[in-house]
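Asker: Mind having a look at this structure? Questions to follow.
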Amino acid sequence: MLDADVYGEKYQFQNISEFESSIQLKKEDNNCQKISGTFQGSFVFNGTHKLIDPNSPDTLFFTNGTFESELFH
């Protein structure tokens with residue numbers, strides 16, 4: 001899985017021993033086909049190309065994230 005939150009850079013999800021990555025479903029509404037929850041995770045620069053911006057971090061940490069999604073069939 002890749003993420004491009006820092007403009008132009010590509011990061012890859014990676015578990016880091018000092019940082020616990022998790023996704024928790026908090027609510028599931030079967031009537032509306034919606035789910036929501038919380039997450040945290042770490043992403044590391046994937047190294048397949050040079051950094052576009054040398055000031056970009058080599059690791060991104062997302063903490064206390066929330067999400068809500070509608071499910072489609």
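Asker: Under a crude label model (7 Å from the Cα following the beta-carbon direction), how far is ILE16 from ILE52 in nanometres?
Answerer: With each label point 7 Å from Cα toward Cβ, the separation is 2.2 nm.
Asker: Once both labels are modelled 7 Å past Cα along the beta-carbon direction, what's the GLN33-SER69 spacing in nm?
Answerer: Those two pseudo-labels are separated by 1.4 nm.
Asker: Quick check: convex hull over the Cα atoms of the chain, volume per residue in Å³, rounded to an integer?
Answerer: Here the figure is 115 Å³ per residue.
Asker: Compute, for the chain, the length of the dipole vector about the Cα centre, with Cβ point charges of +1 (Lys, Arg) and -1 (Asp, Glu) only. Units Debye, rounded to 20.
Answerer: My answer is approximately 100 debye.
Asker: Hand me the trypsin sites (Lys or Arg not before Pro) from the range 7-73 located in a DSSP loop with no more than 11 other Cβ atoms within 10 Å, in residue order please.
Answerer: Within the range 7-73, the qualifying trypsin sites (Lys or Arg not before Pro) (loop, at most 11 other Cβ atoms within 10 Å) are LYS50.
Asker: Also, quick follow-up: Of the chain, which part is the longest with no chymotrypsin sites (Phe, Trp or Tyr not before Pro) in a loop (DSSP not H, G, I, E, B) and with at most 16 other C-beta atoms within 10 angstrom?
Answerer: Values: sites that count: TYR7, PHE72.
Answer - 8-71.
Each value in this text was obtained by applying a stated rule to the coordinates, not by laboratory testing. These numbers were taken from a predicted model, which means no experiment stands behind them. Using ideal geometry, Cβ is built from the backbone for each residue, glycine included, and neighbour counts are taken over all protein chains shown.
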